[in-house]
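All remarks here apply to the structure that follows.
The values are calculated or read from the model by the stated rules, or taken from the named source; none is laboratory data. If you're wondering where the values come from, they're calculated on a predicted model, not measured in any experiment. Cβ: placed from backbone, ideal geometry, glycine included. Neighbour counts: every protein chain shown.
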Amino acid sequence: MKVLVIQPKVGMGDMVIYLPYIHAISKKYQSSVSILVKENSRAKELLKDDTHINEVLLLDRLNDRSGYHDGISGFFNLAGALKKNRYDKVFIFSSSIRYFLIAKLAGIKKISQYPLFKKKDNIVLSAKIFTESELNLVVSSQPNLMINKSKFDYIRNQFSKDLKHICLGISASGPTKRWPIQNYVDLCEKINNEMPCRFYIAAGKNDKQIIDKLHNSKVGKNCVSFIDKKISETLPVIKNCDLYIGNDTGWLHIAAALNLRCLALFMDSPVQAYGKYSELIDIIVPEGETEFSTTHDTLGANKISFKEVFDKSIELLTN
């Protein structure tokens, strides 16, 4: 059976969070599947070694509605492209009637989709309930990013066993979701005083200014930046690390999916949606908040306790 999965959310983090459900579909049908995702999901790089996925199709929809799949013409462009592939079954991780109608027009006979017109949801719970209902089985919410063993071993052989290796997620989708960079500088210096470390800065070209703050610090010589690396090149590096420390960003979810212990700082995003799906993620929230009250518009970056972050980092690195 030829199966398509449509996952239209943006960003690396969301892509990773949906992986357990895509993998479950592949296993149920005993065949790799095609996925339709947006380019900024970075699926082509993240899933390069994933045996459950045979094709990554790009959904070209943009905020200004100028994408090839936007508008009325885009509706027919997408339906025509999918029709050529002659899918037997589609799973739509969206409540939009647009994708239902596109699937119909593409001649896909079996369509499974979220309830139509649903506005708000918990990304993990909705995906889990939908998949378990459709497949009639229990699906773990723990994602698994697959990487080639030889790539992992090559990096492992380069890592010094005399150092602790820490992935730093200093970036985020917006300024209110970032712990101030000086806090990360102070944190790295203090951890490095306790135990020799190498820090891997998970951030991109748009974050050069904050990356430079770390490079220009006392631990700068111990820092390696991902700024010029492809996402696929960073995966074996992250998997070989001892700990992720950072904001709620795509890198957090990548680290968790690579089976790395994570210390996640939530200050302006919903913990219940993005922090509780994996037992590998330990959460720190602003002082005065709880894991239930920390959500969008909490604006708590300046209320994250430095001492709590430091103490928990040391605990996780030594246990």
Report summary line: If we ask which residues in region 207-238 are of a type outside the set (G, A, S), under 13 Å from Y184 (Cα atoms) and assigned to a helix (DSSP H, G or I), their number turns out to be 6
Report task. Return the pairs, sorted by first residue and then second, in which the second residue is assigned to a loop (DSSP other than H, G, I, E, B), the first residue lies in region 143-163 and is β-branched (V, I, T), the beta carbons are less than 8 Å apart, and the residues are 6+ apart or on different chains. Result -> I147/D49; I147/L258; I155/N240
**Report entry** Residue list for region 233-280, restricted to those being within 21 Å of S173 (Cβ to Cβ) and polar (S, T, N, Q)
**Finding:** T234, N247, T249, S269, Q272, S278
Report summary line: Among I170, I201, I191, I211, the single one that is at pLDDT 95 or above, crowded, with 19+ Cβ neighbours inside 10 Å and more than 23 Å from L280 (Cβ to Cβ) is I211
Query raised in the report: Of all the residues that make up region 294-319, how many are over 18 Å from E194 (Cβ atoms) and of a type in the set (D, E, K, R)?
Result: 2
Report task. Consider L145 carefully, then state whether it is within 24 Å of D242 (Cβ to Cβ) and not acidic (D, E). Result -> yes
Query raised in the report: Got at least one residue in region 68-76 being in the same structural domain as Q7 (by TED's automatic domain parsing), over 27 Å from the mean Cα position of the chain (by Cα), surrounded by 15 or more Cβ atoms within 10 Å (Cβ to Cβ) and within 28 Å of G250 (Cβ to Cβ)?
Result: yes
Query - Which listed residue, of A264, A255, A273, is in contact with a Leu (Cβ under 9 Å, 6 or more places away or on another chain) and either closer than 21 Å to Q158 by Cβ or not assigned by TED's automatic domain parsing to the domain that holds K161 (or both) - result: A255
Query raised in the report: Would it be correct to say that H253 is over 21 Å from the mean Cα position of the chain (by Cα) and not basic (K, R)?
Result: no
Query - Sole exception among (1) in a loop (DSSP other than H, G, I, E, B); (2) free of Cβ contacts under 8 Å to residues at least 24 places away in the same chain; (3) surrounded by 15 or more Cβ atoms within 10 Å (Cβ to Cβ) for K120, by number - result: (3)
